[in-house]
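None of the figures in this text is laboratory data; all of them are computed from the coordinates on show. It should be emphasised that the depicted structure is a prediction, and the values quoted were computed from it without experimental measurement. Backbone-built Cβ (ideal geometry, glycine too); neighbour counts: all protein chains shown.
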Amino acid sequence: MHDIPDLSVVIPAYNEASRIGPTLDAVSAFLASQMTPYEIIVVSDGSTDSTIQTVNTYAAKNQRIQLTGYSPNRGKGYAVRTGMLQAKANNVLLTDADLATPIEDFVKLQDVARNGCDVVVGSRALEESQVIGWRPWYRVLSGKVFNKIVQLLTVPGIHDTQCGFKLFTNGCAGRIFSLSRIDGFGFDVEILFLAKKLGFRIEETAVRWQNSPSTKVSVVRDTFPMLREVLQVRLNDRKKLYDRPSNNN
């Protein structure tokens, strides 16, 4: 594809062979209906199933779909950074491979961005948000505790840093992700911290969210590493590591 798209969509994927096909169908159909010149970048984060083969099949039929893959698994933060730095458009949408937030909610983010916002965060925590499906009490509680810590240490005023549906406009994605260093699930906190540090305007907007029983995030396995990564953001800033581009991009 030789033209510069208006929108890049970055989709990190780890063993998503069963879901990535319907997601690519939905995203490409929606963007085509909006008459939006687009590219879709799927980043296979060390997948060991048939994710790569599935995406390659789609890419062969649609030149706007492209695959970046590597091995071994490096973490969601690494995958997202890889896709964001590859994106050609000035406007970049991050969405999860399961489309927990439907692609149609992109319009909500776009409307906020048109009012002069640089980073629009899809949020499950606002009064107007629609969270569909049951979540165990311990997952709800851990999310609230995590957000309290995040607001205290890094990004006050953002009620849901972890929703995987975010829009970066005006070319800010390249500047933010060129500085980022967190490879794990804590990357969301880091990029919002960096956006604030760089002076970009951030807004939350309510979105729909379908809880998935097959989520890759485990409360037991991932909560403490994420908290450690939040503390690492503060430490990185104190060491002035964010004053220069990362060397691990």
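Can you tell me how much longer the chain between Leu152 and Val131 gets when fully stretched, taken as 0.36 nm per residue apart minus their C-alpha distance, in nm with one decimal?
5.1 nm
Run the dipole for region 7-239 about the Cα centre, Lys and Arg Cβ at +1, Asp and Glu Cβ at -1, nothing else charged, and hand back the magnitude in debye, nearest 20.
So the magnitude is around 640 debye.
Once the Cα gyration tensor of region 49-124 is diagonalised, what are the square roots of 5 times its eigenvalues, in whole Å and ordered largest first, as equivalent ellipsoid semi-axes?
For region 49-124, the semi-axes come out at 25, 15, 13 Å.
Report, for the chain, the % of DSSP beta bridges that are antiparallel, rounded to 5.
Roughly 20 percent of the beta bridges in the chain run antiparallel, per DSSP.
Using only the C-alpha atoms of the chain, find the volume of their convex hull and express it per residue in Å³.
Hull volume over Cα atoms, normalised by residue count, gives 124 Å³.
Between exposed trypsin sites (Lys or Arg not before Pro) in the chain, where DSSP calls loop and at most 11 other Cβ atoms lie within 10 Å, what's the longest gap?
Counting only loop sites that pass the neighbour cut-off, the longest clear stretch is 115-238.
Considering only Cα-Cα distances, which of the following residue pairs are longer than 19 Å: Lys148/Lys239; Lys88/Lys166; Lys144/Lys196; Lys108/Lys166; Lys166/Lys196; Lys76/Lys166?
Among Lys148/Lys239; Lys88/Lys166; Lys144/Lys196; Lys108/Lys166; Lys166/Lys196; Lys76/Lys166, the Cα-Cα distance tops 19 Å for Lys148/Lys239; Lys144/Lys196.
Among His159, Ser8, Asn91, which residue has its Cα furthest toward the positive end of the charge dipole of region 7-239, with +1 on Lys/Arg Cβ and -1 on Asp/Glu Cβ?
His159
Compute the length gained on full extension between Gln53 and Gln34: take 0.36 nm times their separation in residues and subtract their Cα-Cα distance, giving the result in nm to one decimal.
4.0 nm
Kindly identify region 45-87 as rounded, prolate or oblate by the Cα gyration tensor criterion: order the square roots of the eigenvalues as a ≥ b ≥ c, call it rounded if a/c is under 1.5, otherwise compare a/b with b/c, prolate if a/b is larger, else oblate.
Note, shape of region 45-87 comes out oblate.
Where in the chain are the DSSP H helices whose alpha-carbon span along the long axis reaches 20 Å or more and whose Kyte-Doolittle mean is at least -1.0?
Helices meeting the span and hydropathy rule in the chain are 137-153, 219-238.
How much net charge surrounds Cys163 when only the other residues with a Cβ under 10 Å from the Cβ of Cys163 are counted, with Lys and Arg +1 and Asp and Glu -1?
-2
Quick one: putting +1 on the C-beta of Lys and Arg, -1 on the C-beta of Asp and Glu, what dipole do you get for region 71-174 around its Cα centre, in Debye to the nearest 20?
Value, rounded to 20: 420 debye.
Amide H to amide H, which residues 5 or more places from Glu204 or on other chains are under 5 Å from it, using H placed in the peptide plane?
Correct list: Val121.
In deg cm²/dmol, rounded to 500, what helix-only [θ] at 222 nm does the chain give when every DSSP H run of at least 4 residues adds -39500 (n - 2.57) and the total is split over its residues?
-12500 deg cm²/dmol
What's the local net charge at Leu126, with K and R +1, D and E -1, over the other residues with C-beta under 10 Å away?
In short, -3.
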